[in-house]
Amino acid sequence: NPPPGVLDGEGYAVCPDCYARINCGTAGLSNLNLQHRGTAKCRATAAKRDKNMKTRKNQSILTFMKPKPIPVPSTVASVGILHPSSYITPRDDVPAVISKLRTLIGQLPATIPDAIPSDDLAIFGCDPVTFDNLDLPPEEIWEESVNKTLKSVLGWGREKDLTQ
């Protein structure tokens, strides 16, 4: 592109105000000055360019060094730590399966040890988000993540000593 205000071989010139390439026709640079410069289109293009330049100017690598706003302290009184027994209340409308499960758990003998972190199924005691794979669509999470983990933990496809 030629510098602003200079006619090129095709009869075009770059407007010195908005930097748009304008066809000056046979009249030359006088067409640029009489027909384009100062028009609404020229002013709008120049304003848009100036706005973009300001935005780019603010994208300095040093912008991260700006002071962060001071946090405003909360005006709400603290609730304290919640314990499971304080917010889980027994319900009468639980499904029969859950009621039966609770009854069976209560009947387990004391000789059955509690689970420990090294148990096979302990992997499922973590936050379910750990099984999420953001690269997969939601409908494939089960097949590609959770189901594979289940199969490996439960030993599908291989023999396992169940007396341990």
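The values are calculated or read from the model by the stated rules, or taken from the named source; none is laboratory data. A quick note: this is a predicted structure, and the numbers were derived from the prediction, not measured. Note that we place each Cβ from the backbone using ideal geometry, even for glycine, and neighbour counts take in every protein chain shown. Just so you know, the surface numbers come from the protein's heavy atoms only, side chains and all, with ligands and any DNA or RNA stripped out. Shrake-Rupley method; radii C 1.70, N 1.55, O 1.52, S 1.80 Å.
Of everything in segment 32-48 that is closer than 19 Å to TYR12 by Cβ and open to solvent by 70 Å² or more (accessible area, probe 1.4 Å), the residue that is modelled with the highest pLDDT is LYS41. For segment 9-26, a residue qualifies if it is surrounded by 13 or more Cβ atoms within 10 Å (Cβ to Cβ) and acidic (Asp, Glu), and exactly one does: ASP17. Just a yes or no: is a residue in segment 122-139 modelled with pLDDT under 80, assigned to a helix (DSSP H, G or I) and of a type in the set (D, E, K, R)? Yes: segment 122-139 contains one or more residues that are modelled with pLDDT under 80, assigned to a helix (DSSP H, G or I) and of a type in the set (D, E, K, R). Considering each residue of segment 134-153, count those that are among the aliphatic types (A, V, I, L, M) and open to solvent by 100 Å² or more (accessible area, probe 1.4 Å), and give that number. The qualifying residues number 1.
Can you find even one residue in segment 81-98 that is exposed (fewer than 10 other Cβ atoms within 10 Å of the Cβ), within 33 Å of the chain's Cα centre (by Cα) and modelled with pLDDT of 70 or more? No, segment 81-98 contains no residue that is exposed (fewer than 10 other Cβ atoms within 10 Å of the Cβ), within 33 Å of the chain's Cα centre (by Cα) and modelled with pLDDT of 70 or more. If you check LEU29 against the conditions, is it at pLDDT below 80 and open to solvent by 50 Å² or more (accessible area, probe 1.4 Å)? Answer is no for this residue.
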